[in-house]
1. Cross-link partners among lysines for B:Lys44, C-alpha distance below 19 Å, same-chain residues fewer than 8 apart left out?
2. List, in order, the whole-Hz ³J(HN,Hα) value for each residue of the stretch B:85-91 obtained from phi through the Karplus relation with A = 6.51, B = -1.76, C = 1.60 and θ = phi - 60°; use x for Gly and Pro.
3. So what J values fall out for the stretch B:106-117 if you push phi through Karplus, 6.51 cos²θ - 1.76 cosθ + 1.60 with θ = phi - 60°, rounded to Hz, Gly and Pro as x?
4. Rank B:Asn102, B:Leu64, B:Ser9 by how far each Cα sits towards the positive end of the charge dipole of the stretch B:3-125 (+1 on Lys, Arg Cβ; -1 on Asp, Glu Cβ) and give me just the farthest.
5. Long-range amide H contacts for B:Leu5: which residues qualify at under 5 Å (H placed 1.01 Å from N, peptide plane, sequence gap of 5 or more or a different chain)?
6. Output wanted: per-residue J couplings in Hz (rounded whole) for the stretch A:133-139, from phi through Karplus 6.51 cos²θ - 1.76 cosθ + 1.60, θ = phi - 60°, x for Gly and Pro.
7. With an 8 Å Cα cut-off and a minimum separation of 6 or more residues, compute the relative contact order for the stretch B:1-139 in percent.
8. Counting Lys and Arg as +1 and Asp and Glu as -1, what is the net charge of the other residues whose Cβ lies under 13 Å from the Cβ of A:Ala229?
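FYI, it's all coordinate maths here, none of it is from the lab. Here the structure is a predicted model, which is why all the values come from computation and not from measurement. Here the Cβ is made from the backbone with ideal geometry for all residues, glycine too, and neighbour counts use every protein chain on show.
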Amino acid sequence: MSADALAPAPGAPVAYVDPARRARLRQRGLRNALVGMASLVAFVVVASLLVSRTPGWPVVQQTFFNREEFVASFPGLLDAFWLNVRIFLIAEPLILILGLLVALARTLQAPIFLPIRVVATVYVDVFRGIPTILVIFLLGFGVPALRLQGVPNNAVFWGTAALVLSYGAYVAEVFRAGIGSVHPSQRMAARSLGLSSVQTNRHVVLPQAVRNVVPPLLNDFISLQKDTALVAVLGPIEILRQAQIDASFNFNYTPYVAAALIFIALTIPMTRVADWLQSRTLRRRRAGGMA
Amino acid sequence: MTDVLVRVSQVWKAFDAHPVLRGLDLDVARHEAVVLIGASGSGKSTLLRCINGLESVDAGTIVLDGDLDVTDLDADLDQIRRRVGIVFQSYNLFPHMTVLDNICLAPRKVLGRSHQAAADQAMGLLSRFGLAEKAREYPDRLSGGQSQRAAIVRALAMEPEVMLFDEITSALDPLLVGEVLDAVRDLKAGGLTFIMATHEMEFARDVADRVCFVHQGVIHEQGPPEHVFSDPQRDETRQFLARVLRP
């Protein structure tokens, strides 16, 4: 019996796929998956053979991939990593608030707000221009040296503050781009209904702007997770500093590799979430059309 | 003329060096339905935007209800826009809100209505325009005709004294034009004052109290639709009508 015999009558209100065609497509999908797996396995085998044949490999294995060192340093590193996580959890909301306020300040039009606009612009220009590690040095060593009354003297505090200031400038630009991505006709429609400029921002522009910038913001979060390690230069024992201590104890670099793995374990899930959100936004925009 | 609701006098407007409105005059009486026709770029949309204060004029005055001058540089434009509704070609619904929230936003935030009062009024209007089941939908689930009717409802919810329709059917599939025009017809029957820029000549003939042919930034010819369409006095009007009415 041919496949055509199964076909519904023309005009029937059903979706119909030729069964022979469906079988062919399934077969092809299976073959593609098998080829992909085989190719991947071959690549890993060849690459590890090549690396393990290099003359220096035994020494590298001993100093970077040492099982005992790994097991010995891992719990301490994990403990120290808790400080990185705390720095991140405190810095991130502050960065979001600062970034949003600065982005909004830069959109203020009334002449009375000129000073606010100028301050916001200068802040973004300056802090985007300075390497984050330099901001950490300058704040972490500079401010405590002023010996101001009532100002904390704590390296973690100033390291976190430096991260907030540095990332706040970036995030402000992300928000500003998001505000710019909302079509002017939306603002026009809101104003034509009698909504004030502030109400238009609050209810019409910002909700759409924030939605548009969630993927790039997640990207900055991932970057911030890693940059919490920069606070190590001020001395607090977070994961990088702990790895340094462990490494210099035995002249073995395995703790660095262990620290790297811990960072990866935290960033990979977030990277996947960011990718997923990005593709979802793209899909929505394509499906959305004009609105 | 008695009871002039909108008086446009000698309005000039240029974009860069390109003059669009060149000393245009127009009086619209209360309950009058005025339809603007004319080629693209003749200044119809610009005139409507100026009446709503979305564009500022270069010279001339636009006075609402004999007392409120839109063109006064110190005018409270938010107050003017409360009294003048506008509907655009591209609907411009807010995509992150349901249809109901789109409609309730301005009455709540600008007029200070309660949630309940705004929603009740919105549901009344939505039912009147056949959109009651769409109240909880987001705009991307609506057809073009439904979107445009929702945009009309959103403007009406502010209870404006005059409505401006800026080529509201130009972006629509021809099959959906009728439902939007029926909505406007319904408003006309209810006595709403409106000014409409359109290319729908049949509709203009049918519904307008007065048709104005806009040409080179002024109203070149105007009158009751039967006069303008059947017996145009000016050459430019005749040429324009010959072009748009030829099937």
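1. In chain and number order, the partners are B:Lys13.
2. Computed from phi, the couplings for the stretch B:85-91 are x, 9, 10, 9, 4, 9, 6 Hz.
3. These are the phi-based 3J(HN,Hα) values: 5, x, 6, 7, 8, 8, x, 6, 6, 3, 5, 4 Hz.
4. It is B:Asn102.
5. Hits under the 5 Å cutoff: B:Val28, B:Ala29, B:Arg30.
6. My calculation for the stretch A:133-139 gives 5, 6, 4, 5, 4, 4, 6 Hz in order.
7. Result for the stretch B:1-139 is 19 percent.
8. Once all neighbours under 13 Å are counted, the net charge is 0.
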